[in-house]
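Colleague: Handing you a structure now.
Every read-out reported here was derived from the displayed coordinates using simple, explicitly stated rules and does not represent laboratory data. Values in this document were obtained by computation on a predicted structure and should not be read as measured data. Counting neighbours? That spans all protein chains shown, and the Cβs are built from the backbone with ideal geometry, glycine included.
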Amino acid sequence: MKKILALVLALVMVFACAAIASAEELITVGFAQNGHESDWRVANTQNYNDVLTADNGFDLTLIDCENDNAKQIEAVRNFIQQEVDYILIAPETNVGWDVVLQEAQDAGIPVIIVDRQVDADPSMYTAFIGTNSYDEGVTAANWLDEYMGQKGIEEAKILVIEGSNGASAQIGRTEGFNSVADTKDNWTILASQDGNFTQAEGQEVMESFLKNPDYAGFNVLVCQNDNEAYGAMDAMDAAGVTYGVDGDVIIISYDATKEGLTRTLDGRITCDVECNPLQAEAVMALIKQIEAEEDFELVTYVEDKAFVAPGIESALATTMTDEVLAGRAY
Ligand code: AHR
């Protein structure tokens with residue numbers, strides 16, 4: 001009996017040691033996620049939870065920082081204290097990062113900036129993986145130019161609901177779009193206001209636009225993400241303003257989430273420029289390269305496309321079909 005007990009005990013010890021050893025081998029990653037402001041962000045968080053798993057060799061701690069830079073900095077400081085192997089930051093706004101990036105560097109912890117960019121010297125962090133917001137803005141504007149030519153629309157009177165002011169996604173999309181708009185004598189940006197990347201604020205901003213007689217006659221609405229576009233549509237529905245391929249207002253949106261593409265397929269959104277939330281695979285590949293001491297890219301942009309409502313031919317965008325929608329998982 002004693003021998004059996006000793007054997008059982010020995011086996012328990014072996015399994016316990018193996019479990020501890022394998023937990024120790026996992027790469028620990030602390031992620032200061034921006035928040036949960038949009039469907040896009042929810043899909044982005046899900047992607048990290050799906051990819052940086054124990055099965056793939058990771059122990060991920062993801063903190064939802066509620067769109068607050070200060071909370072993100074606090075989360076990063078906690079990760080430094082916990083001595084995680086890697087820190088990921090999806091910054092709410094692009095400024096204010098130098099001090100905490102220096103602290104991470106002093107602690108010898110690689111920092112990967114994801115999704116949005118920071119306004120800090122690239123030597124302060126290890127790499128950036130995300131989308132190219134400036135290019136997204138250029139694509140949106142070039143598509144509008146192409147569409148106006150096709151339809152013989154002589155003038156664009158544009159209203160813009162921007163994303164959170166100071167976010168690189170807002171800055172890039174605005175600068176990219178304006179770089180084309182500035183070259184067009186027949187385009188006027190009537191107003192541009194912060195909708196914080198949320199449906200509620202998109203609706204609020206649109207309601208205030210619709211009350212302003214100076215903006216009467218606008219024929220283009222640019223929403224810097226899909227959720228803002230949904231809010232703006234609710235406001236326009238309530239005011240009896242028609243939009244989309246059959247209406248008076250061309251809607252350009254960004255993100256191309258499943259719901260956004262559903263509304264593109266039914267013609268309510270005229271053009272939806274993708275911002276790809278599936279970035280965790282690229283982050284995983286990068287960390288594995290760093291672990292293997294291989295060379296890696298300092299800046300990686302994930303691929304983005306643009307989608308247009310059925311019936312619109314475009315050299316710059318994919319025409320929406322049921323098949324395209326069926327392939328959209330988020
Ligand atoms: O930084 C990416 C942007 O942030 C997405 O366009 C938006 O939906 C999100 O909230």
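Colleague: Is there a pair in Lys151/Lys211; Lys184/Lys258; Lys157/Lys184 whose C-alpha atoms are over 23 Å apart, and which pairs would that be?
Modeller: Lys151/Lys211; Lys184/Lys258
Colleague: DSSP beta bridges in the chain, what fraction antiparallel, as a percent rounded to 5?
Modeller: On the way: 3 of 45 bridges.
Restricted to the chain, the bridges split so that about 5 percent are antiparallel.
Colleague: Between Gly166, Gly149, Gly267, which gets the highest mean-square fluctuation from a Gaussian network model of the chain, Cα cutoff 10 Å?
Modeller: In the Gaussian network model the winner is Gly149.
Colleague: Divide, for the stretch 129-268, the radius of gyration over alpha carbons by 2.2 N^0.38 Å, where N is the residue count.
Modeller: The reported ratio for this selection is 0.96.
Colleague: Points 7 angstrom from Cα along the Cβ direction at Ser179 and Asp135: gap in nanometres?
Modeller: The answer from the label model is 1.1 nm.
Colleague: Given R₀ = 35 Å, FRET efficiency for Thr262-Gln102 by Cβ-Cβ distance, to 0.05?
Modeller: Given R0 = 35 Å and the Cβ-Cβ separation, E is 0.20.
Colleague: With the chain treated as a Gaussian network of Cα nodes joined by springs under 10 Å, which of Val299, Val245, Val160 yields the largest mean-square fluctuation?
Modeller: Judging by the Gaussian network model, the answer is Val299.
Colleague: For the stretch 298-318 and the stretch 209-248, compute the distance between their C-alpha centroids and round to whole Å.
Modeller: 23 Å
Colleague: Can you pull the three principal axis extents for the Cα set of the chain, in Å, largest first?
Modeller: 90, 43, 36
Colleague: Hey, what number do you get for the chain at 222 nm if only DSSP H runs of n ≥ 4 count, each worth -39500 (n - 2.57), divided across all residues, to the nearest 500?
Modeller: Calculated from helices alone, the mean residue ellipticity at 222 nm is -14000 deg cm²/dmol.
Colleague: While we're here: Toward the positive end of the charge dipole of the stretch 184-330, about the Cα centre and with charges on Cβ (Lys, Arg +1; Asp, Glu -1), which of Val308, Phe296, Ala235 goes farthest?
Modeller: My answer, from the dipole projection, is Ala235.
Colleague: Considering just Cα atoms, how many Å³ per residue does the convex hull of the stretch 240-330 enclose?
Modeller: Output value, Cα hull per residue: 115 Å³.
Colleague: Same structure, new question: For the stretch 70-141, what mean projected area does the convex hull of the alpha carbons give, in nm²?
Modeller: 4.9 nm²
Colleague: Then there is this: Leu88's amide H: which non-local residues (gap 5+, or another chain) put their own amide H closer than 5 Å, with H modeled 1.01 Å from N in plane and none for Pro or chain starts?
Modeller: Here Gly30, Phe31, Ala32, Ile112 satisfy the definition.
Colleague: May I pose another question? Which helices of the chain meet both criteria: a Cα extent of 15 Å or more along the helical axis and a mean Kyte-Doolittle score no lower than 1.0, with helices taken as whole DSSP H segments?
Modeller: In the chain, the long hydrophobic H runs are 2-25.
Colleague: Okay, next question. If you find the alpha carbon centre of the stretch 132-198 and of the stretch 38-109, how far apart are they in angstrom?
Modeller: Cα centroid of the stretch 132-198 versus Cα centroid of the stretch 38-109: 30 Å apart.
Colleague: So if we plug the beta-carbon distance of Ala292 and Glu25 into 1/(1 + (r/R0)^6) with R0 = 22 Å, what FRET efficiency do we get, rounded to 0.05?
Modeller: 0.90
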